[in-house]
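> Take a look at the following structure, please.
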Amino acid sequence: WIRCHFQKSPTDIFTEKLDEFMRKNGLAAGLSRPFHDLRDIGAYYSQAQSAVELGQYRDNSKVLHSFDQVTQYYALRLCSNHIRLSELCHPALLWLMEYDRKKNTDYTQTLYVYLNKQGNQIESADTLCIHRATLIYRLAKIHELTMLDLKDADTVNQLNMSFMILKLLGKFSS
């Protein structure tokens, strides 16, 4: 047998230390994309600011946010200056949210977790703290109520974008 010992890179160590420091002091930070020309610093500073502002919608448990992780939220925020973002939400998702509200069910959260776990039923059930059979029942019920095809990539993409929009608008939290 060969036993390999992988050390952490200096970047990983720095990131861990920075994360620890920021948590300890109640801080948050944003990382821009790399740049080489100091004259571009304004644009990249703006990216770092956007990463901090929008990172909370992606994962509010993190204190270090990368612009690369929030580019879709950034694009949606830019679009919000020209259109009502809620118009881009999948109507079946909006209907499901209203159904949850009226019937006191949790189908929207189930759908969100299932999509966030890329359709992995075991991970989804674990995250939701439910039995896999319960998850399968809920997914069948979601399909029965909405006729959403969760095997269709375009539908899944539109639902994911809809969840992003709803988070930006403060109408959904994960």
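The values are calculated or read from the model by the stated rules, or taken from the named source; none is laboratory data. All values reported here derive from a predicted model rather than from experimental measurement. Cβ placement follows ideal geometry from the backbone for every residue including glycine, while neighbour counts extend to all protein chains displayed. When the accessible area is computed, the model is the full protein with side chains, heavy atoms only, and any ligands, DNA or RNA have been set aside. Shrake-Rupley method; radii C 1.70, N 1.55, O 1.52, S 1.80 Å.
> What does the convex hull of the Cα atoms come to per residue for the range 97-154, in Å³?
81
> Separate question: Keeping every protein chain in place, order C129, C79, C89 by accessible area at 1.4 Å, biggest value first, i.e. largest first.
Descending order: C129, C79, C89.
> So if each residue of separation counts as 0.36 nm, and I subtract the Cα-Cα distance between I13 and E87, what length gain in nm does that give?
Between I13 and E87, full extension yields 22.3 nm more.
> Could you tell me what percent of the accessible area of the chain is made up of carbon and sulfur, with a 1.4 Å probe and every protein chain present?
52
> Moving on. Using a 1.4 Å probe and counting only protein heavy atoms, arrange M22, M164, M147 so the residue with the most accessible area comes first. Walk me through the numbers on the way to the answer.
Values: M22 10, M164 30, M147 135 Å².
Of M22, M164, M147, the descending order of accessible area is M147, M164, M22.
> Residues with amide H under 5 Å of A29's amide H, sequence separation 5 or more or different chain, H placed in the peptide plane at 1.01 Å from N; which?
Amide H neighbours of A29: L64, H65.
> Then there's this: Which of (i) 15.2; (ii) 14.1; (iii) 11.8 is the computed mean projected area of the Cα convex hull in nm² for the structure on display?
(i)
> For labels at R39 and A133 in the simple 7 Å Cα→Cβ model, what's the distance in nm?
Placing both labels 7 Å along Cα→Cβ, they lie 6.8 nm apart.
> Would you tell me the accessible area of F35, worked out with a 1.4 angstrom probe on the heavy atoms of the protein chains, in Å² to the nearest 10?
Ignoring ligands and nucleic acids, F35 comes out at about 70 Å².
> Run the helix sum for the chain: -39,500 (n - 2.57) per DSSP H stretch of 4+ residues, divided by residue count, reported at 222 nm to the nearest 500 deg cm²/dmol.
-20000 deg cm²/dmol
> Sort D126, D100, D19 by heavy-atom solvent-accessible area, probe 1.4 angstrom, most to least. Numbers along the way, then the final one.
Values: D126 105, D100 20, D19 40 Å².
The residues order as D126, D19, D100, largest area first.
> Moving on to the next point. To the nearest 10 square angstrom, what accessible area does Y57 show with a 1.4 Å probe?
The accessible area comes out at roughly 60 Å².
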